[in-house]
Amino acid sequence: MWVYEKKLQYPVRVSTCNPMLAKYLIEQYGGADGELSAALRYLNQRYTIPDKVIGLLTDIGTEEFAHLEMIATMVFKLTKDATPEQMKAAGLATHYANHDNALYYESAAGNPWTATYIAAKGDPIADLYEDIAAEEKARATYQWLINLSDDTDLNDSLRFLREREIIHSQRFREAVEILKDEQGKKKFF
């Protein structure tokens, strides 16, 4: 079904060890509006979406896993050389006590990822509007992460991710219009 290239969708470079920035980025790893939630939402919704747009949900859901991999790489690179004292100073003492510097699906506040983060109503228009909102929330979060970061190398990757969220939102908006057009057509039997 997929071809996996053993490289990231976009390069991830990190200038320095920065556990505090890693803590913020964890939001996009296991938070409510993060990449895992998006990937699972879209790949789940595709089962009840009309054939005209099913491929879109598959494509974007798959790409979200690539984004998850990028976020994981960022978090790992920002913490791999961190001392326990640095992890504690960054507010990651509980994470360190439970996971060392291993990745774990949780929000920046330390809340574990939960399936309640993903939505599937079964109504294609409602689901697509939920998807648009999810992409816009992710876009906003990436902008805020860029605002918090002084790592120019990392910000380059964050800008890439922010731009992809904009593209995804646009594609979901197009899908809504396709489905609305379909609803308005007369059916002949």
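Compute the long axis of helix 152-184 from its Cα atoms, compare it with the longest principal axis of the Cα atoms of the chain, and write down the angle in degrees, 0 to 90, nearest 10.
Once rounded, one gets 20 degrees.
Set the Förster distance to 25 Å, then compute FRET efficiency between Ala89 and Thr116 from the Cβ-Cβ distance, nearest 0.05.
Working: r = 31 Å, r/R0 = 1.26.
E between Ala89 and Thr116, to the nearest 0.05, is 0.20.
Quick one: which residues, 5 or more positions from Glu106 or on another chain, have an amide H under 5 Å from its amide H? H modelled 1.01 Å from N in the peptide plane, none for Pro or chain starts.
For Glu106, whose amide H was placed from the backbone, the distant partners under 5 Å are Gly30, Trp113.
On a 0 to 90 degree scale, rounded to 10, what angle separates helix 124-148 from the longest Cα axis of the chain?
30
Restricting to DSSP H runs of at least four residues, report the calculated mean residue ellipticity at 222 nm for the chain, -39500 (n - 2.57) per run over all residues, nearest 500 deg cm²/dmol.
Working: 7 runs with 123 residues, N = 189.
Calculated from helices alone, the mean residue ellipticity at 222 nm is -22000 deg cm²/dmol.
Please list 3J(HN,Hα) in residue order for the stretch 57-62, calculated via the Karplus relation 6.51 cos²θ - 1.76 cosθ + 1.60 where θ = phi - 60°; whole Hz, with x for glycine and proline.
Result, ordered by residue: 5, 5, 5, 6, x, 5 Hz.
Tally up the carbon and sulfur contribution to the accessible surface of the chain as a whole percent, 1.4 Å probe, everything protein left in place. Write out the running numbers ahead of the final one.
On the way: 5520 of 10160 Å².
With neighbouring chains kept in place, the figure for the chain is 54 percent.
Quick one: how many Å² of Lys180 are accessible to a 1.4 Å probe, rounded to 10?
Roughly 90 Å² of Lys180 is accessible to a 1.4 Å probe.
How large is the Rg to Rh ratio of the stretch 102-189 when both quantities use alpha carbon positions and Rh follows Kirkwood? Let's see the in-between values first.
Working: Rg = 17.4 Å, Rh = 15.5 Å.
With Rg and the Kirkwood Rh in hand, the quotient comes to 1.12.
Before I look further, what does the stretch 44-189 give for accessible area per residue, probe 1.4 Å, in whole square angstrom? List each step's numbers first, then the result.
Numbers: 7980 Å² over 146 residues.
Per-residue value: 55 Å².
Computed over the Cα atoms of the stretch 1-111, what is the ratio Rg over Rh, Rh following Kirkwood? Show your work: numbers first, answer last.
Numbers: Rg = 16.0 Å, Rh = 15.0 Å.
Reported Rg/Rh (Cα atoms, Kirkwood Rh): 1.06.
Volume per residue, Å³, of the convex hull around the alpha-carbon atoms of the stretch 85-144? Each step should come with its number before you reach the end.
Working: hull volume 5.8 nm³, N = 60.
In the stretch 85-144, the Cα convex hull volume per residue is 97 Å³.
Any chance you could list P(r) for the chain, counting all Cα-Cα pairs in 5 angstrom bins from zero, rounded to whole %?
Computed distribution, short to long bins: 1, 8, 16, 19, 17, 14, 10, 6, 4, 2, 1, 1, 0, 0, 0.
Provide, for the stretch 57-189, the number of lysine pairs with alpha carbons under 23 Å apart, each pair being eight or more places apart or on different chains.
Values: Lys77/Lys88; Lys80/Lys88; Lys121/Lys137; Lys121/Lys180.
For the stretch 57-189, the number of qualifying lysine pairs is 4.
Taking the Cα centroid of the stretch 20-43 and of the stretch 72-98, what is the distance between the two, rounded to the nearest whole Å?
17
If I fit a long axis through the Cα atoms of helix 35-45 and take the longest principal axis of the Cα atoms of the chain, what angle between them do I get, 0 to 90°, rounded to 10?
20
The values are calculated or read from the model by the stated rules, or taken from the named source; none is laboratory data. Predicted, not measured: the structure shown is a model, and the values here were computed from it. Neighbour counts are summed over all protein chains in view; Cβ atoms, including those assigned to glycine, are modelled from backbone coordinates with ideal geometry. Ligands, DNA and RNA are stripped out before the accessible areas are found, and what is left, the full protein with its side chains, is counted by its heavy atoms. Shrake-Rupley method; radii C 1.70, N 1.55, O 1.52, S 1.80 Å.
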